[in-house]
Amino acid sequence: MQMLRIILDLLFPPHCAFCGVLLKPGSKEGICGDCRNSLSFCATKHCCEKCGKPIDLPYALCRHCKRYEVQNFDRICSVVVYEGKAKDGIVAFKGNSLVESGVVFAELIADMVKHTYANLLFDGVVAVPPRRKRMREKHFDQAGFLAEHVAKGLHIPYLRRMLYQKENRKKQSELDFMARFENVNENFVVRKPMLVSGKTILVIDDVCTSRATLNECARALKMAGAKEVYCATVATTA
């Protein structure tokens, strides 16, 4: 088995998930030293207790979560701040279907979930559903890939394709803050409500920006009977 690992490392040498630099054979972390030292990890910052975005001390909630106290998700946590090499790595993962990077991101999410939600027992992992147009163009569901591997890492059932989008609406990245909430409003549907009813669910996505998509996924899950809905992403905007 060890020899097979050595051969695979020689044939397919590991690269840093964020910057793409070649790593030493046998490297298990998937992140180079420079990125490990330079990335802005949320676990080392003071973050909003609701949405997980880095905020200034001594506040417990960011301005958005203070203003909108009633939100559908119970909490969001993220691994890194979406900037610099973190942004570059995630964009490359999504655009080029980089499976190797996705596995590393999923491992980082799983570690963050263990750290942030240490006292919670999840009944299932759900992915934010892709837009149908994107799937036709890219044939890669990045959130689904992450969710499946996070579920494996946490030894929790992966509820594949539990959510879907009713309509093929605009890309969230093309819209301003408030328009993102309008764009996803009531657009997510739960396929099998009996599998989430009364359950504590973990929703996975790649990036948390306005919170609109995660909030709407949580709404759909709770409308279907989910007891609690927590979320986790690779990155969050500052």
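The values are calculated or read from the model by the stated rules, or taken from the named source; none is laboratory data. Given the structure is predicted, the values throughout are model-derived calculations rather than measurements. Using ideal geometry, Cβ is built from the backbone for each residue, glycine included, and neighbour counts are taken over all protein chains shown. Keep in mind that these areas ignore ligands, DNA and RNA; they rest on the heavy atoms of the full protein, side chains included. Shrake-Rupley method; radii C 1.70, N 1.55, O 1.52, S 1.80 Å.
If I stretch the segment between His115 and Arg161 completely, what's the gain in nm (0.36 nm per residue apart, minus their alpha carbon distance), one decimal? Walk me through the numbers before you get to the answer.
Values: separation 46, 0.36 × 46 = 16.56 nm, distance 2.64 nm.
Taking 0.36 nm per residue and subtracting the Cα distance, the gain is 13.9 nm.
Please list, by residue number, everything in the range 78-103 whose backbone N is under 19 Å from a paramagnetic label point 7 Å out along Cα→Cβ of Ala238.
78-91
For the residue pair Met223 and Met178, what label-to-label distance in nm results when each label sits 7 Å from Cα along the Cα-to-beta-carbon direction?
The modelled label-to-label distance comes out at 2.3 nm.
Go through the range 232-238 residue by residue and turn each phi into a ³J(HN,Hα) via Karplus (6.51, -1.76, 1.60, θ = phi - 60°); whole Hz please, and just put x for glycine and proline.
With coefficients 6.51, -1.76 and 1.60, one gets 8, 9, 5, 9, 9, 5, 6 Hz.
Enter the angle in degrees (range 0 to 90, nearest 10) between the Cα long axis of helix 212-223 and the first principal axis of the Cα atoms of the chain, meaning the one along which they spread out most.
In the chain, helix 212-223 runs at an angle near 60 degrees to the longest axis.
Taking 8 Å as the Cα distance limit and 6 or more residues as the minimum spacing, I'd like the relative contact order of the range 32-81 as a percentage. Each step should come with its number before you reach the end.
On the way: 53 pairs, mean separation 20.3, N = 50.
This gives 41 percent for the range 32-81.
Defining a contact as two alpha carbons under 8 Å apart and six or more residues distant in sequence, what relative contact order in percent does the chain show?
Relative contact order for the chain comes out at 22 percent.
So, with +1 on the Cβ of K and R and -1 on the Cβ of D and E, and no other charges, what is the size of the charge dipole of the range 1-144 about its Cα centre, to the nearest 20 debye? Don't jump to the answer; show the numbers that get you there.
Values: 21 positive and 15 negative charges, 106 e Å.
It works out to roughly 520 debye.
Sort 54-67, 213-226 by packing, meaning the average of other beta carbons within 10 Å per residue, with the highest value first.
Values: 54-67: 13.0, 213-226: 22.4.
Top of the packing list down: 213-226, 54-67.
Carbon and sulfur atoms: what percent of the 1.4 Å accessible area of the range 29-110 do they account for? If you can, show how the numbers build up before the last one.
Working: 2040 of 4210 Å².
Answer for the range 29-110: carbon and sulfur cover 49 percent of the accessible area.
So what is the relative contact order of the range 32-117, in percent, for Cα pairs below 8 Å that sit 6 or more residues apart?
Working: 72 pairs, mean separation 22.9, N = 86.
Value for the range 32-117: 27 percent.
Taking the solvent-accessible surface of protein heavy atoms with a 1.4 Å probe, what is the per residue accessible area of the chain in Å²?
Values: 12730 Å² over 238 residues.
The answer is 53 Å² per residue.
Which listed residue (Asn168, Gly95, Val126) has the Cα farthest towards the positive end of the charge dipole for the chain, taking +1 on Lys and Arg C-beta and -1 on Asp and Glu C-beta about the Cα centre?
Farthest towards the positive end: Asn168.
Could you tell me whether the range 151-238 comes out rounded, prolate or oblate from its Cα gyration tensor? Rule is a ≥ b ≥ c as square roots of the eigenvalues, rounded for a/c under 1.5, then prolate if a/b exceeds b/c, otherwise oblate.
Judged from the Cα gyration tensor, the range 151-238 comes out oblate (a/c at least 1.5, b/c at or above a/b).
Give Lys28/Lys138; Lys85/Lys138; Lys28/Lys171 a once-over and call out the pairs whose C-alpha atoms are over 31 Å from each other. Intermediate results must be reported in sequence, preceding the final value.
Working: Lys28/Lys138 28 Å; Lys85/Lys138 23 Å; Lys28/Lys171 35 Å.
Check vs 31 Å cut-off fails for Lys28/Lys171.
Tell me the angle of helix 142-154 to the major Cα principal axis of the chain, expressed in degrees between 0 and 90 and rounded to the nearest ten.
80
Before rounding to the nearest 500, sum -39500 (n - 2.57) across all DSSP H runs of length at least 4 in the chain and divide by the residue total; then give [θ] at 222 nm in deg cm²/dmol. Walk me through the numbers before you get to the answer.
Values: 9 runs with 92 residues, N = 238.
One gets -11500 deg cm²/dmol as the mean residue ellipticity at 222 nm.
Under 16 Å Cα to Cα from Lys50, which lysines show up? Leave out anything in the same chain fewer than 8 places away.
Lys66
Could you size up the charge dipole of the range 9-57 around its Cα centre, putting +1 on the beta carbon of Lys and Arg and -1 on that of Asp and Glu, and report it in debye to the nearest 20?
Values: 6 positive and 5 negative charges, 15 e Å.
For the range 9-57, the charge dipole is close to 80 debye.
Using the Karplus equation 6.51 cos²θ - 1.76 cosθ + 1.60 (θ = phi - 60°), what ³J(HN,Hα) coupling, rounded to whole Hz, does each residue of the range 186-199 give in order, writing x for Gly and Pro?
After applying 6.51 cos²θ - 1.76 cosθ + 1.60, I find 6, 9, 10, 10, 8, 6, 10, x, 4, 7, 10, 4, x, 9 Hz.
State the Kirkwood hydrodynamic radius of the chain in Å, one decimal place, computed from all pairs of distinct Cα atoms.
18.4
Compute the semi-axes of the equivalent ellipsoid of the range 165-204, taking the square root of 5 times each eigenvalue of the Cα gyration tensor, and list them largest first in whole Å. Before the final figure, lay out each step's value.
Details: eigenvalues 130, 28, 13 Å².
Output for the range 165-204: semi-axes of 26, 12, 8 Å.
Tell me the net charge near Lys50. Cut-off is 10 Å between Cβ atoms, Lys50 excluded, with +1 for each Lys or Arg and -1 for each Asp or Glu.
Details: positive: Lys53, Lys66, Arg75, Arg211; negative: Glu49, Glu69, Asp74.
Around Lys50, the charge tally is +1.
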